[in-house]
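The values are calculated or read from the model by the stated rules, or taken from the named source; none is laboratory data. In this text the structure is predicted, and so the values were computed from the model without any measurement. Cβ atoms come from the backbone with ideal geometry, glycine included; neighbour counts cover every protein chain shown.
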Amino acid sequence: MRKRKDEVKKMKLRVVYEPKGRAGEYAPLALNLYRGCDHGCTYCYGPRVLHMERPDFATAEPRKDILDKLLLDCETLNKSGRHNRIIGKTGL
């Protein structure tokens with residue numbers, strides 16, 4: 001398992017990433033299509049992690065050039081011989 005994680009780090013993916021902690025139990029790779037979130041949870045750590053003001057984080061918007069970057073990541077994964085399902089989520 002460790003070897004596989006090291007391989008993904010070396011690939012220099014743009015938007016696809018390996019979930020950390022328990023999130024890794026659900027899928028080996030993940031993807032965030034959006035930046036920000038309009039749920040407004042008071043306990044959310046997202047704005048702090050991204051160094052954003054909470055009001056700026058309060059609107060979910062597609063990441064810039066997300067489809068082009070995703071296509072490049074998929075090509076990189078295909079060339080590596082790794083065929084994984086990529087899940088999407090909103091939020092961070």
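Give just the number: which of (1) surrounded by 11 or more Cβ atoms within 10 Å (Cβ to Cβ); (2) modelled with pLDDT under 85; (3) in contact with a helix residue (DSSP H, G or I) (Cβ under 8 Å, 6 or more places away or on another chain) does HIS83 not satisfy?
(1)
Going by what's in this entry, would TYR45 be described as at pLDDT 90 or above, of a type in the set (Ser, Thr, Tyr) and exposed (fewer than 15 other Cβ atoms within 10 Å of the Cβ)? Give the derivation first.
Values: at pLDDT 90 or above: yes; of a type in the set (Ser, Thr, Tyr): yes; exposed (fewer than 15 other Cβ atoms within 10 Å of the Cβ): yes.
Answer is yes for this residue.
So how many residues does the range 52-73 have that are over 14 Å from LEU33 (Cα atoms) and not in a loop (DSSP other than H, G, I, E, B)?
The total comes to 5.
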